[in-house]
Amino acid sequence: MTLEADPETIDAQKASAWVRAGINRVSFGVQSFSDAELAASGRMHRRADIYRAVPILRQAGIANIGFDLIAGLPLQTPDSWRESVNRLVELAPEHVFRYILEVDEKSRLGSELLKGGKRYSARAVPSEDQMADFYELARSSFSAAGYHHYEISNWAKPGFESRHNLKYWRREAYLGFGAGAHSFSGVQRWANAHERGELCKCDTKRVFARRPNWNA
């Protein structure tokens, strides 16, 4: 049972309550170990929060921790990326998600990049070639540290592969609960409405949120 959390939000009381509630896996949006990169990308936590949070979770009994890293953040350099990868390996989470920055054209950074501006550190975003180099560095470093590269953007220690990720590749059925949640029957995909009466997009179709027909 996985809970997603930001490093700055972790404290001992919360961690103990999560364990009592049955949570045995925590996924962290670490993104970077560089305070400059975290600030430029609008993250609330800093490097020190990561180092503070991990021991709290371990002491509470969380034996399965996942880290997210993003390649391509504003101000990121080959040296700072290597530093983030090395510090991640040092803390030894059981699982690693390594993403490449995807820029939303409707975001402040996205619109600035599209018009060639310089606000929001737009001119400090690494090139696609650099991001590819970051990927290769991460792949070799994680492999050397004993992580299994089981999916394009995911590495895990043996036995800690994410079932959440694997189900997509195996085309397994899953149910999503709550506003905006997505589900898949094995044949048909659908999404719950974000608000009552709203139409939802599923792939290229527009469908109402409804109870699935598992025999479709």
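Computed from the coordinates by the stated procedures, all read-outs in this text should not be read as laboratory data. It should be emphasised that the depicted structure is a prediction, and the values quoted were computed from it without experimental measurement.
The overall shape of the stretch 37-129, judged from the alpha-carbon gyration tensor, is prolate: a/c is not under 1.5, and a/b is greater than b/c. As a length-normalised measure over Cα pairs under 8 Å and 6 or more apart, the relative contact order of the stretch 88-180 settles at 28 percent. Close amide H partners of Val125, meaning residues 5 or more places away or on another chain with modelled amide H under 5 Å apart, are Leu75.
Relative contact order for the chain: 13 percent, from Cα pairs under 8 Å spaced at least 6 residues apart, divided by residue count. Residues considered: Ser185, Ser27, Ser153. Largest GNM mean-square fluctuation over the chain, using C-alpha springs under 10 Å, is found at Ser185.
By its C-alpha gyration tensor, with a ≥ b ≥ c as the square roots of the eigenvalues, how is the chain shaped: rounded for a/c under 1.5, else prolate for a/b larger than b/c, else oblate? It comes out oblate by the Cα gyration axes.
Counting only DSSP beta bridges whose two residues both lie in the chain, roughly 50 percent are antiparallel.
Cross-link partners for Lys14 among the aspartates and glutamates, with Cα-Cα distance under 18 Å and sequence neighbours closer than 8 places in the same chain left out: Glu4, Asp6, Asp49. In order along the stretch 173-181, phi translates into HN-Hα couplings of 6, 8, 10, x, 10, x, 4, x, 6 Hz, rounded to whole numbers, per the Karplus curve 6.51 cos²θ - 1.76 cosθ + 1.60 with θ = phi - 60° and x for Gly and Pro. Taking amide H atoms as placed 1.01 Å from N in the peptide plane, the amide H of Ser27 lies under 5 Å from those of Leu3, Glu4, Ala5, Gly66, each 5 or more residues away in sequence or on another chain. The helix-based estimate of mean residue ellipticity at 222 nm for the chain, built from -39,500 (n - 2.57) per DSSP H run of four or more residues and divided by its residue count, is -10000 deg cm²/dmol to the nearest 500. Database remark: amide H of Ala71 closer than 5 angstrom to the amide H of Tyr99, Ile100, Leu101 (H placed geometrically; neighbours at sequence offset of 5 or more, or on other chains; Pro and chain starts carry no H). Classified by the C-alpha gyration tensor, the stretch 79-161 has a prolate form. Its axis ratio a/c, with a ≥ b ≥ c, is 1.5 or above, and a/b is larger than b/c.
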